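Take a look at the structure below.
The values are calculated or read from the model by the stated rules, or taken from the named source; none is laboratory data. Values in this document were obtained by computation on a predicted structure and should not be read as measured data. Every residue, glycine among them, receives a Cβ derived from its backbone with ideal geometry; neighbour counts consider all protein chains shown. In case anyone asks, the SASA skips ligands and DNA or RNA and just uses the protein heavy atoms, side chains included. Shrake-Rupley method; radii C 1.70, N 1.55, O 1.52, S 1.80 Å.
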Amino acid sequence: MVIVISFYSIILMISILQLRKEYQLDRDQAYEDYMDEIYSKPVSIIVPAYNEEVGIVQSVRSLLSINYPSFEIIVVNDGSTDMTLQKMIEHYDMKEIKKVIRKQVETNPIKTIYQSSILSNLFLIHKENGGKADALNVGLNFSHYPYFCSLDGDSVLEPDAFLKVMKPIIDSNEEVIASGGSVRIANGCKIQNGHIIKIGLSERPLVVMQIIEYLRAFLMGRIGLSRHNLLLIISGAFGVFSKHWVIEAGGYKTDTVGEDMELVVRVHRMVKERRLKKKIVYVPDPVCWTEVPESISILRKQRRRWHRGLFESLWTHRKLTFNPRYGMIGLISFPYFWIVEFFGPIIEFLGYIFMILCLFFGGIYIEFAILLFLLSCLYGSIFSMAAVLLEEWSLTKYPKVFDIIKLFFYSLTETIWYRPMTVFFRCEGVLQMLKGDQSWGEMKRKGVSE
């Protein structure tokens, strides 16, 4: 607890200072120059889609209307068994084209390539099923531009998201080789024609708790780690990478369930081994809206998969742990992810079991146990409430005061029910890993558009 509280407290202070520094700027003025094609860099947007018939048309419509001078959209249909392919072909008048693709990264075979007859920068690739990482590699091989963005098939971007996520890359003279934006939860929002019309909160407690969890992860964790180039994760839902460095690293790894984190760690490792000064950053401004699980069963599958992916990334690159050759990544980031993120839930779960057993067999100093429990509840709630307040102070995405109050009070309950539940799910992920279970745990999309 002391280690976790200390680390989170330091990250919270760094995040507050960083947000304070950034939001003293004139936000609109800061991005105006990047609307000129001379000052920007073209981007290939890769959208891997597997059974995304519910939201794929709206997501592509959202991308087509982004406020950015030069981009292409590559939808990679990963052998969908629903109407994803047909919907794209019909809605955007896709025509089959013949094109030679330079295979820089190995992938499953491509069946057909389409291009929209009405939008020359929209492409559709139909391939044999090989998973999300394989679909991203296909898009990487096909892409024409020096930077690419990976997006989930149900993502909805705010119009100026690309201007904001590309700004650190453009400003850095190629020192920044990857940039990630914020991911927010679309459940409860009103979306029409691929645009967020009204931001709101879902009525489901499970979704509200995930909103608080995402705010804490992005506004506290990633800002704090990014400040000192310690970021090991850029969300697969929204991130921009230098194509050159990703190909140098070998593309996305197809035998892991956490391909987004594993790629970032591999790029960090490659850069450190070559003694180059490159950065991977997180920018809180650009926001991508995505759907999250509304049922406990789907959330359970997701968290199991995430924890397996975390272990696979850490274990594959375990050489970095406490290794001074890799600088702060090896001495701070890796130990933090091992101790707090991976072993933390296991230790916490064992603690729950130990407490229950002690109630039956005696040996509990009741007053001290209650004090520790209250301290645990307090520290968890304080960090969650701090994330909600940071959201209101900086991005102010939730316009209603009632929404902020609702988030604030829900954050007080996190340690009582939501955290123990997700701790249990993550421990199940460890058991799955020990049994060699590689199941993905598909999330059924409801669709958030109206």
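Observations, loosely collected:
- Each residue in segment 68-98 was checked for being of a type outside the set (S, T, Y), within 15 Å of N121 (Cβ to Cβ) and assigned to a loop (DSSP other than H, G, I, E, B), and 2 of them qualify.
- Looking only at residues in segment 146-171 that are in contact with a Pro (Cβ under 8 Å, 6 or more places away or on another chain) and not hydrophobic (A, V, I, L, M, F, W, C), the one that is farthest from V287 (Cα to Cα) is P146.
- Residues in segment 90-103 that are closer than 16 Å to L140 by Cβ and touching a strand residue (DSSP E or B) at 6+ places or on another chain (Cβ under 9 Å) were compared, and the one that is least open to solvent (accessible area, probe 1.4 Å) is I101.
- I332 being at negative phi, loosely packed, with under 12 Cβ neighbours inside 10 Å and either in contact (Cβ under 8 Å) with a residue 12 or more places away in the chain or assigned to a helix (DSSP H, G or I) (or both): no
- For L372: the one exception among (1) more than 21 Å from the chain's Cα centre (by Cα); (2) at pLDDT 85 or above; (3) not small (G, A, S): (2)
- Whichever residue in segment 188-200 is part of a loop (DSSP other than H, G, I, E, B) and in contact with a strand residue (DSSP E or B) (Cβ under 9 Å, 6 or more places away or on another chain) and, among such residues, is surrounded by the most Cβ atoms within 10 Å (Cβ to Cβ): C189
- The residue pairs whose first member lies in segment 224-237 and is closer than 11 Å to I332 by Cβ and at pLDDT 85 or above, whose second member is aliphatic (A, V, I, L, M) and in a loop (DSSP other than H, G, I, E, B), and whose beta carbons are closer than 8 Å, counting only pairs six or more residues apart or on different chains, are L225/L231; L225/L232.
- L157 being touching a residue at least 40 places away in the same chain (Cβ under 8 Å), open to solvent by less than 30 Å² (accessible area, probe 1.4 Å) and of a type outside the set (S, T, N, Q): yes
- Segment 61-89, residues that are open to solvent by 40 Å² or more (accessible area, probe 1.4 Å) and closer than 20 Å to F142 by Cβ: L64, I89
- Residues in segment 172-185 that are among the small types (G, A, S) and surrounded by fewer than 24 Cβ atoms within 10 Å (Cβ to Cβ): 1 in all.
- Of all residues in segment 201-235 being small (G, A, S) and in contact with a strand residue (DSSP E or B) (Cβ under 7 Å, 6 or more places away or on another chain), the one that is surrounded by the most Cβ atoms within 10 Å (Cβ to Cβ): S226
- Filter result for F409 (of a type in the set (F, W, Y) and open to solvent by 90 Å² or more (accessible area, probe 1.4 Å)): yes
- Members of segment 70-121 found to be hydroxyl-bearing (S, T, Y) and touching a Ser or Thr at 6+ places or on another chain (Cβ under 9 Å), listed by number: S70, Y92, T107
- Breaking point among (1) out of contact with any helix residue (DSSP H, G or I) (no Cβ under 9 Å at 6 or more places or on another chain); (2) open to solvent by 70 Å² or more (accessible area, probe 1.4 Å); (3) at pLDDT 85 or above, for I339: (1)
- Selection over segment 104-145 of residues that are in contact with a Pro (Cβ under 7 Å, 6 or more places away or on another chain) and surrounded by fewer than 18 Cβ atoms within 10 Å (Cβ to Cβ) gives a count of 2.
- Restricting segment 221-265 to residues that are small (G, A, S) and assigned to a loop (DSSP other than H, G, I, E, B), the residue that is farthest from P146 (Cα to Cα): G258
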